[in-house]
Structure formats: C-alpha cells, structure tokens
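**Student:** Pasting a structure below so you can have a look.
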Amino acid sequence: MARFNKIFLGPVQKNLPQVRELLAADSDISPGNLLIVASGEFDNAAATTVGKVWIAQDNYLAMKGVDDDYADGDIVIGMELLPDMFYAGRIANGVNITAIGTALTPAAGGLLAIASTSDKIIGYAEEVYNNNTGAEQLIRFRPSQSYLSAAA
C-alpha cells in the first residue's frame, strides 16, 4: 500500500495567471479589454464600472493572437488582476500616456483611460505611449494595490 496519496508534494504556490472562462456576452471583446461578469457571461467594462474587473487574455485555446476578437458566444479567457504582475490593456486612439505611473481607469468598451481624481483607479501605466495610430493599442500596466484590496 502506498504511503502517500499525492504525487506532487510541493512546494504549493498559486498557478499564474489565474483565469476564469465564461461565454462572451458580445462580439466586441478584444484581448486586453477590461471585463465584468454580467448574467454569467463576460462583457466589456464601462466607465461606470464599480465592481471587480478582469482582463481578456488572447484566445490561445483557439490559436488566436492579441488582435483577434472573441465572437459572440465564444469562451472568453478572463485573467484576474493580481498584485506585482504586468498586463497589456487596451487604450483608445488619441490617448496620450505621458508618464510612467499615470493612473488608469475603466472607460467605455472595456478600454483603459487616464484617471481623474474622482475615478476608480485600477492600475498605473508602466510605459509612456502616445496612441496616434488610428486604432486601439495595448499598453503595459500594473494593477493598483488599493483596487486589488477593494476587489478582494
């Protein structure tokens, strides 16, 4: 009879990234968009979002890249925002991140925007980028510790 009931004995650590898979509520979810759970499905966060947000991962299960949107009814891979991790979130055309550490907030369509003093800050920019490309772009950011504490 075996002395142990498990093969992997440790050390135990959290697998990264932490993800949840849910159906897409709409066909306008792109990797890097901020997400909310609504009616058991992932949908894009909005400027008025007050609860927990997730971030859409590229659909590696279907061998898709960061510029391939999820279709309505697809399984979306939503990553939980964790401390001390970096993520690539989407900003709209015309957004100018002028300094590392710029506070970011949810905006319409699951995008990130520059936060004002009254906005919910979910993260801080980790790069300077002037998006004058004519399209949404990914920007590196780190989640805010105060947001993570409130969302836990």
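**Student:** Could you please give the count of residues in the range 61-92 that are of a type in the set (Phe, Trp, Tyr) and closer than 19 Å to residue 25 by Cα?
**Tutor:** Result for the range 61-92: 1.
**Student:** If residue 82 satisfies all but one of (1) within 20 Å of residue 120 (Cβ to Cβ); (2) open to solvent by 20 Å² or more (accessible area, probe 1.4 Å); (3) of a type in the set (A, V, I, L, M), what's the number of the condition it fails?
**Tutor:** For residue 82, the exception is condition (2).
**Student:** Which residue out of 113, 103, 88, 92 is open to solvent by less than 60 Å² (accessible area, probe 1.4 Å) and under 20 Å from residue 19 (Cβ atoms)?
**Tutor:** 88 is the lone residue from the list that is open to solvent by less than 60 Å² (accessible area, probe 1.4 Å) and under 20 Å from residue 19 (Cβ atoms).
**Student:** While we're here: Need the failing condition index for residue 77 against (1) open to solvent by less than 20 Å² (accessible area, probe 1.4 Å); (2) touching a helix residue (DSSP H, G or I) at 6+ places or on another chain (Cβ under 8 Å); (3) in a loop (DSSP other than H, G, I, E, B), just the number.
**Tutor:** Going through (1) open to solvent by less than 20 Å² (accessible area, probe 1.4 Å); (2) touching a helix residue (DSSP H, G or I) at 6+ places or on another chain (Cβ under 8 Å); (3) in a loop (DSSP other than H, G, I, E, B) one by one, residue 77 breaks only (3).
**Student:** Related question: Scanning for something modelled with pLDDT of 95 or more, open to solvent by 70 Å² or more (accessible area, probe 1.4 Å) and of a type in the set (A, V, I, L, M), does the range 45-67 turn up at least one residue?
**Tutor:** No, the range 45-67 contains no residue that is modelled with pLDDT of 95 or more, open to solvent by 70 Å² or more (accessible area, probe 1.4 Å) and of a type in the set (A, V, I, L, M).
**Student:** For residue 72, state whether it is surrounded by fewer than 21 Cβ atoms within 10 Å (Cβ to Cβ) and closer than 19 Å to residue 17 by Cβ.
**Tutor:** Here the answer is no, as residue 72 does not meet what is asked.
**Student:** Next question, about the same structure. Tell me which residues, restricted to the range 116-152, are over 17 Å from residue 33 (Cβ atoms), open to solvent by less than 30 Å² (accessible area, probe 1.4 Å) and assigned to a loop (DSSP other than H, G, I, E, B).
**Tutor:** 144
**Student:** Residue pairs, Cβ under 7 Å, 6 or more apart or interchain, first in the range 89-102 and without any contact (Cβ under 8 Å) to a residue 24 or more places away in the chain, second open to solvent by less than 70 Å² (accessible area, probe 1.4 Å) and assigned to a strand (DSSP E or B). List them.
**Tutor:** So the pair list comes out as 102/125.
**Student:** Mind checking which residues of the range 19-51 are part of a loop (DSSP other than H, G, I, E, B), of a type in the set (D, E, K, R) and farther than 21 Å from residue 105 by Cα?
**Tutor:** Across the range 19-51, the qualifying residue is only 26.
**Student:** Moving on to the next point. Just to be sure, is residue 36 under 13 Å from the mean Cα position of the chain (by Cα), without any contact (Cβ under 8 Å) to a residue 40 or more places away in the chain and surrounded by 14 or more Cβ atoms within 10 Å (Cβ to Cβ)?
**Tutor:** Yes, satisfied.
The values are calculated or read from the model by the stated rules, or taken from the named source; none is laboratory data. Everything numeric in this text was worked out from a predicted model, so none of it was measured. All Cβ positions, glycine included, derive from the backbone under ideal geometry; neighbour counts span all protein chains shown. When the accessible area is computed, the model is the full protein with side chains, heavy atoms only, and any ligands, DNA or RNA have been set aside. Shrake-Rupley method; radii C 1.70, N 1.55, O 1.52, S 1.80 Å.
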